[in-house]
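Worksheet: one structure, shown below.
The values are calculated or read from the model by the stated rules, or taken from the named source; none is laboratory data. It should be emphasised that the depicted structure is a prediction, and the values quoted were computed from it without experimental measurement. Please note: Cβ atoms are built from the backbone with ideal geometry, for glycine as well, and neighbour counts cover all protein chains shown. Only protein heavy atoms, including side chains, enter the accessible area calculation; ligands, DNA and RNA are left aside. Shrake-Rupley method; radii C 1.70, N 1.55, O 1.52, S 1.80 Å.
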Amino acid sequence: MCGIFGYVGDKDVCKVLYQGLKSLEYRGYDSAGIAVIGDSLSFVKDAGTVDQVLSSIKLPSKRAGIAHTRWATHGKPNQINSHPHFDENMKVGVTHNGIIENYKELKKDLMAKGHTFKSQTDTEVIPHLIEDYLKLGNFEAFKKAVSMIKGSYAIVAIIDGSEKIYFARKFSPLVLGANDEYFVASDVTAFLRWTNQAIFIEDGEVGYIQSKKYYIEKGGVEVKRKPTTIEWSFEEAAKDGFDHFMLKEIFEQPTTIRNTLVSKKLEEFANHLNTLDKLVLTSAGTSYHAANAFKYASNIPIDVIVASEFTSLYRGGEILAISQSGETADTMTAVRYAKSLGSKVDALVNVVGSTLTRIADKTIYTHAGPEIGVAASKTFTAQLAALYAVDAHMKGNPLPQIDVKPGLLHSKEIKKLATKLSGAKSMFYIGRGPNYVSAMEGALKIKEISYIHAEGYQGGELKHGPLALIEKGVPVVAICPSDKYREKMIGNIEEVKTRDAYIIGIGQEDDNELKSLSDTFFGMPKTDYPTVTYAVPLQLLAYHTAVIMGRNPDKPRNLAKSVTVE
Ligand code: AGP
């Protein structure tokens, strides 16, 4: 997820672009850049935050410019890979948010025509495509180039000699700001300080802004759309109107899971894993839970060692380190120890260019975008999606079909249940097989943001001691999809039911037996991936409980987003 921004008007263009980007930094912050139209196209861009790269620049500009703050998906964060990108003749400048799935084919064709590339990014194909068609006219060239792109994109482009800023949208958000001068941005936060009049661009629409005018079309037909007034404050707008980043990130999961599943690198990695006779996974916290899900799924022998215990337990073999931040000290220590013994180290990471990606031999990525909330949500389900996709490729199966939308629909009922839970002193989450992973993750979520003590337990283990803690009203979240573990899990639920626990059942929507055992029941559609789809109601349960208890779910006490100490 990146922040893109464009402006046409009489203000100081560089200053407007810098201020707009500052408001978009929550969308990505590993590199930044701007390009403006003056006597020719001029630009500044580099790795670093918006302040580091752009706070004191002055460029010769008339009235139009574009800007970008990056969250790297292809190509490390450095000057060459930062946006805007240009054709070799500096006729066209482009910033982009999204993933171009066919960029390799496009790049090959363009290079065959003599185009030369500088970066490792997918974005760089866009200015070359536009330049290739400039003889058609600027807007026609832009539309022709956009029509050749497959994937998700929000694109903003400037073309030398023109004071128009061109835009196109598919899957990635784009919105115009209007008040006699025009802005185009990833979201309204970029221009709210100047106007609350917004024109939201829909998928498949292209157009341009220019002095005192905007134009939108779809399929060659003009789209007339009036501005809507944004009632949100600036702060609320950064969260797209959600109360917290965590809730926004929970609701982003349909997109982030899709973006991760289609990543081309996963199949290549699966082919590599098929050459191994075992694999050792190491990670911490939520990433440790994701690692365990892979252990239940994979046919090859998998060992999972929690990063902080790795140096005591590791006995050799190739490593797969999982870390959304790519900076967790425990995981880095584990990886460095394995490398010191001569082992190969692979990594599954969300942050491109992070330390782990620089020391791993092979890196595959989740495409969850920046996760601002301290508690992992979309990065967890993206890790699972990546691991299940790798497993499917290893077995020659089709890509997983994962739909997390049904879990989002339970948000209102879960909010009602949260009121009941907010008085709990302690809770249990139980599951069998991979649903034990969900139990561990669900317990971690509610612990770390509501501060209620909770334990994730194997359903079959309660009777070996913890059952002594079950008494009237103790909440027990029973994760029980209709899979091969269900029969025994129903028995475990009956064990706690007879001790008057308060049962919160999460299972298949037609499971009437589970429903009758539950004091509160959340029905979910049939799924082959309950660790992913059931994660959403468990995240929402933690979120709503925390909010009702007056906690700040984005910034829980004592915790940090990236744990860089041991
Ligand atoms: C999860 O909600 C926590 N924020 C924490 O357990 C986290 O998963 C852990 O610190 C590992 O972080 P990483 O994935 O960035 O390595």
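Brief remarks on what is shown
- Where a residue in the stretch 264-279 is within 12 Å of Ala386 (Cα to Cα) and in contact (Cβ under 8 Å) with a residue 40 or more places away in the chain and its partner, wherever it lies, is part of a helix (DSSP H, G or I) and among the charged types (D, E, K, R), with Cβ under 9 Å and at least six apart: Lys264/Lys104; Ala270/Asp391; Ala270/Lys395
- Scanning the stretch 156-196 for residues that are farther than 21 Å from Lys144 by Cα and in a loop (DSSP other than H, G, I, E, B) returns Asn179, Asp180, Glu181, Ser186, Asp187, Phe191, Leu192, Arg193, Trp194, Thr195, Asn196.
- Here Thr275 passes the criteria (1) hydroxyl-bearing (Ser, Thr, Tyr); (2) crowded, with 16+ Cβ neighbours inside 10 Å; (3) part of a loop (DSSP other than H, G, I, E, B) except the one numbered (2).
- Residues of the stretch 27-37 satisfying the condition of being of a type outside the set (A, V, I, L, M) and closer than 19 Å to Leu176 by Cα: Arg27
- Within the stretch 300-328, residues that are among the aromatic types (Phe, Trp, Tyr) reach partners that are within 13 Å of the ligand (Cβ to nearest atom) and modelled with pLDDT of 95 or more with beta carbons closer than 8 Å, at six or more positions or on different chains, in the pairs Phe310/Thr282; Phe310/Ala334; Tyr314/Thr282; Tyr314/Ala334.
- Qualifying residue in the stretch 371-390 (condition: in contact (Cβ under 8 Å) with a residue 12 or more places away in the chain, open to solvent by 30 Å² or more (accessible area, probe 1.4 Å) and more than 16 Å from the ligand (Cβ to nearest atom)): no
- Helices (runs of 4 or more DSSP H) enclosed by the stretch 391-463 - at least 2 residues per element that are under 19 Å from Asp243 (Cβ atoms) and free of Cβ contacts under 8 Å to residues at least 24 places away in the same chain: 411-421
- Asn138 satisfies every condition listed in (1) closer than 16 Å to Gly75 by Cα; (2) surrounded by fewer than 24 Cβ atoms within 10 Å (Cβ to Cβ); (3) out of contact with any His (no Cβ under 9 Å at 6 or more places or on another chain) except (1).
- When the stretch 283-317 is limited to residues that are within 10 Å of the ligand (Cβ to nearest atom) and not hydrophobic (A, V, I, L, M, F, W, C), the one that is most open to solvent (accessible area, probe 1.4 Å) turns out to be Tyr288.
- The residues listed here are Gly473, Gly465, Gly523; of these, the one that is surrounded by fewer than 23 Cβ atoms within 10 Å (Cβ to Cβ) and under 19 Å from Ser450 (Cβ atoms) is Gly473.
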